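Shown next, in structure tokens, is the structure this report addresses.
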Amino acid sequence: MLKLDHVTKNFNEFTAVNQLSLAIPEKEMFGFLGANGAGKTTTFRMVLGLLQPTEGTIEWQGKPVNYSASSLIGYLPEERGLYPKMKVKEQIVYLARLRGMDKLEAARQTDHWLERFNVPDYANKKVEELSKGNQQKIQFITSVVHNPQLLILDEPFSGLDPVNVELLKEAVLDLKNNGTTIVFSSHRMEHVEELCEHLCIMHHGKPVVHGKLRDIKRSFGKKNVSVQADFDVSYLAEMQGVLKAKKTAEGITLQVAEEKTAQSIFSSLQGKGFVKKFELEEPSLNDIFIEKAGASYE
């Protein structure tokens, strides 16, 4: 288990992380959400030992993280960290050997990952010759080639098209299913919602929501009602119990405080025409994030 206990990080007068306490379960995928400047990257750098907390403690497997654990940890930073003039395979093997891998095994694993990501032809190309998306795939490979026990991914899907997002998600899920503990941050709510059982929403360095995704949704209370019909349904926005309304191309999506409001909405539609869709849904992570964090995200 990765445990953070009342962790605070100050940069002079600025507090980037403020009294953060988390217990991240072993062999699970944990999501960090927050707008830019919320403290996610600073938290990751403290977990890795690149920054020292001003206060509090961080432990993994009951011990502080230090250089001796580096061969067991993988890290994908949000910013590019590759040598642009170095060839792809040489670079991956070099970084794998810094993690303690044998040269032949590092080369074999590199070939495996290049093949898996459909870029075997790039082995002898310089990093600067690759597109942004392919550079991201190479950087991901450098973070997992040594089969880490703990993997930290900072915005892993940045710069990837939908096909490559799916490739990366499959790889991350395989690592998780094989026992790797994965912590990742993302601005993309749907990725966290799809992949993570536990999550933390941070705002100005503090956790504003933390726990199991299922429990977070249940405790939020509000639900969404989606309606599509062949008649005007805009009047639903004014019904009692409707908190928010958003028009869509084919109808309207409403946020309601109680399920009985949804029943009233359904009753009001009777006899007005053909209803193509009426669906009562759990709140989305996007709804929860916007309300709890109260900040925009990319």
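Table for the structure above
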read-out	value
Heavy atoms of residue 163: accessible area, 1.4 Å probe, square angstrom to 10	110
For the chain, calculated [θ]222 nm from helices alone, where every DSSP H run of n ≥ 4 adds -39500 (n - 2.57)	-10000 deg cm²/dmol
Listed residues 243, 160 arranged by accessible area, highest first, probe 1.4 Å	243, 160
In degrees, nearest ten, helix 88-98 long axis to first principal axis of the chain (Cα)	80
Within-14-Å neighbourhood charge of residue 277 [Cβ basis; K, R +1; D, E -1]	-3
Choice from 262, 35, 171 showing the highest fluctuation, given a GNM over the chain with Cα pairs closer than 10 Å	262
Accessible area of residue 277 in the full protein assembly, 1.4 Å probe (Å², nearest 10)	60
Candidate values [x] 42, 25, 16; [y] 39, 21, 18; [z] 32, 21, 18, label of the one derived for semi-axes √(5λ) of the Cα gyration tensor in Å	[x]
Computed magnitude of the charge dipole of region 188-298 (debye, nearest 20; Cβ of K, R +1, Cβ of D, E -1)	240
Solvent accessible area, Å² - residue 75, 1.4 Å probe, full protein context	40
At R0 = 30 Å, FRET efficiency that the Cβ-Cβ distance of residue 124 and residue 104 yields, to 0.05	0.95
Region 88-157: C-alpha gyration tensor shape, a/c 1.5 cut-off, then a/b vs b/c	oblate
Accessible area per residue in Å² at 1.4 Å probe, computed on region 12-136	54
Carbon + sulfur, % of accessible area of region 115-175 - ligands and nucleic acids excluded, 1.4 Å	43
Estimated FRET transfer efficiency (residue 11, residue 286; beta-carbon r; R0 30 Å; 0.05)	0.50
Segment residue 55-residue 83, extension gain: residue separation times 0.36 nm, minus the distance between their alpha carbons	6.6 nm
Most mobile listed residue (226, 284, 71) in the chain, GNM with C-alpha springs under 10 Å	226
For region 1-146: relative contact order, % (alpha-carbon pairs under 8 angstrom, 6 or more apart)	22
Net charge of Cβ neighbours under 11 Å - reference residue 185; Lys, Arg +1; Asp, Glu -1	-1
Residue of 24, 252, 152 that the Gaussian network model of the chain assigns the largest fluctuation, springs spanning Cα pairs under 10 Å	252
Fully extended contour minus Cα-Cα distance, from residue 260 to residue 277, at 0.36 nm per residue	4.3 nm
Distant-in-sequence amide H partners of residue 206 (H built 1.01 Å from N, under 5 Å)	18
Accessible surface of region 201-276 [probe 1.4 Å, protein heavy atoms]: carbon and sulfur percent	48
Long pairs among 87/169; 176/277; 40/277; 217/260; 244/292; 222/246, criterion Cα-Cα beyond 27 Å	176/277; 40/277
Charged-residue dipole, Cβ positions (Lys, Arg, Asp, Glu), region 130-216 about Cα centre, Debye nearest 20	220
Accessible area per residue, Å², region 212-260 with all protein chains present, probe 1.4 Å	61
Most to least accessible of 198, 6 (protein chains only, probe 1.4 Å)	6, 198
0 to 90° range, to nearest 10: angle between helix 259-269 axis and the chain longest Cα axis	60
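The values are calculated or read from the model by the stated rules, or taken from the named source; none is laboratory data. Fair warning: this is a prediction, and the values are worked out from it, not measured in the lab. When we count neighbours, we look across all protein chains shown, and the Cβ atoms used for this are built from the backbone with ideal geometry, even at glycine. All accessible areas refer to the heavy atoms of the entire protein, side chains included, with ligands and DNA or RNA removed. Shrake-Rupley method; radii C 1.70, N 1.55, O 1.52, S 1.80 Å.
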